[in-house]
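The values are calculated or read from the model by the stated rules, or taken from the named source; none is laboratory data. Remember, it's a predicted structure, so these values are computed and weren't measured experimentally. Note: ideal-geometry Cβ built from the backbone for every residue, glycine included; neighbour counts use all protein chains shown. Ligands, DNA and RNA are stripped out before the accessible areas are found, and what is left, the full protein with its side chains, is counted by its heavy atoms. Shrake-Rupley method; radii C 1.70, N 1.55, O 1.52, S 1.80 Å.
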Amino acid sequence: MPSSAVRTFTDPDAYFAGIRNLQIEGLVLQRGEFRAESTHIDLHRLFMYRSEENLPRIMKVTPSGTRAGIVFATDPGGPAMLANGIEIADGQVFRNGLDWEWYLRSSAPCKWGSMSLTPEGLAAAGEAIIGRELLPATFARTLAPPPPALSRLRKLHGAAAHLAKTAPDILAKPEVARAMEQASVEAMVFCLADSRSENVRNVQRHRARVMGRLAEVLMANPEEPLYMAELSARVGTSYWTLRDCCLEYLGMSPKRYLWLRRMNLARRALRRANAEQTTVTEIASDHGFWELGRFSVDYRSLFDESPSTALRRAPDGP
């Protein structure tokens, strides 16, 4: 069941103890009245955490051994943190090891976040999205992801935190949570992957068969919103192979195609629904759209009418 919680702290010990899945010994490094706000978000497989602290501190972190994750600054351009004495630069993420203790230090007020999967979940996500397993780090280290990948990761992380704070009921909806998780896991994998997988080979020879399997998957799930990681897994190929196939066969990326498919599924649901028994918000969130204003703008641009107009229409026939 998706869940989220936003908490504020004035007691550092309570704050450090409240960071789940990690055993933390923390020390505030500057005098003053401590204040912190934390946001926990559980999206089935993916755990997300976001924090804002007003005083510098150091944390000795003992990992649980059950989650493989990354830590990053959520405020680009803000003061850098140091992990094991190494600065996490603005364009970097820190990848923690499963078993080794590490130290996370700030020198000023900071805003940071983390995302984690089980080792098995990370391996499966890597296999589905980039065609190779991503193994947990043995030792903690910093990475420099491609800037677009890190930018998308931060935006999704911020969007999830915003929903947790302002509309937790929307985030708790299963389809919204699934959409957010799929997008966030994909962004995390792209941040961790150094390059395209060397296992993506003989693409030309497989394209016809890949597109045949894609058609079978979509036909078997005519009413279900699908997302990239699970679609790649069901088709049985990597993201990159599926992307190249779709660009050649469909003239667009599979992500764009799936987005269009979800928009059309939402349109179908709006036109079939009874306006006295449901709302645009409910239908949009049931199809994985959590930014309702953007959904309305995109819907009007795509279909030349507003979602509310579609809902007020007489229900379509079969």
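Assorted remarks:
- Segment 11-102 holds strands (runs of 3 or more DSSP E) entirely within its bounds, and those carrying 1 or more residues that are open to solvent by 10 Å² or more (accessible area, probe 1.4 Å) and not charged (D, E, K, R) map to 22-28, 36-43, 46-53, 57-63, 68-73, 81-83, 86-88.
- Residue 5, sole failed condition from (1) open to solvent by 60 Å² or more (accessible area, probe 1.4 Å); (2) at pLDDT 90 or above; (3) not aromatic (Phe, Trp, Tyr): (1)
- Which numbered condition residue 125 fails, given (1) under 23 Å from residue 242 (Cα atoms); (2) out of contact with any strand residue (DSSP E or B) (no Cβ under 7 Å at 6 or more places or on another chain); (3) small (Gly, Ala, Ser): (2)
Quick grid of which residues meet (1) without any contact (Cβ under 8 Å) to a residue 60 or more places away in the chain; (2) of a type outside the set (A, V, I, L, M, F, W, C); (3) closer than 22 Å to residue 42 by Cα; (4) in a helix (DSSP H, G or I):
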position: 123; (1), (2), (3), (4): yes, no, yes, yes
position: 142; (1), (2), (3), (4): yes, yes, no, no
position: 145; (1), (2), (3), (4): yes, yes, no, no
position: 152; (1), (2), (3), (4): yes, yes, yes, yes
position: 159; (1), (2), (3), (4): no, no, yes, yes
position: 164; (1), (2), (3), (4): no, no, yes, yes
position: 169; (1), (2), (3), (4): yes, yes, yes, yes
position: 175; (1), (2), (3), (4): no, yes, yes, yes
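- Some residue of segment 109-118 being of a type outside the set (Asp, Glu), surrounded by 20 or more Cβ atoms within 10 Å (Cβ to Cβ), under 23 Å from residue 237 (Cβ atoms) and in contact (Cβ under 8 Å) with a residue 24 or more places away in the chain: yes
- One residue from 234, 271, 205 being over 23 Å from the mean Cα position of the chain (by Cα), charged (D, E, K, R), farther than 19 Å from residue 180 by Cβ and modelled with pLDDT of 85 or more: 271
- Subset of segment 265-287 that is touching a Lys or Arg at 6+ places or on another chain (Cβ under 6 Å) and touching a residue at least 40 places away in the same chain (Cβ under 8 Å) - its residue that is farthest from residue 167 (Cα to Cα): 271
- Every condition in (1) touching a residue at least 12 places away in the same chain (Cβ under 8 Å); (2) crowded, with 16+ Cβ neighbours inside 10 Å; (3) not hydroxyl-bearing (Ser, Thr, Tyr) is met by residue 259 except one, and the failing one is (1).
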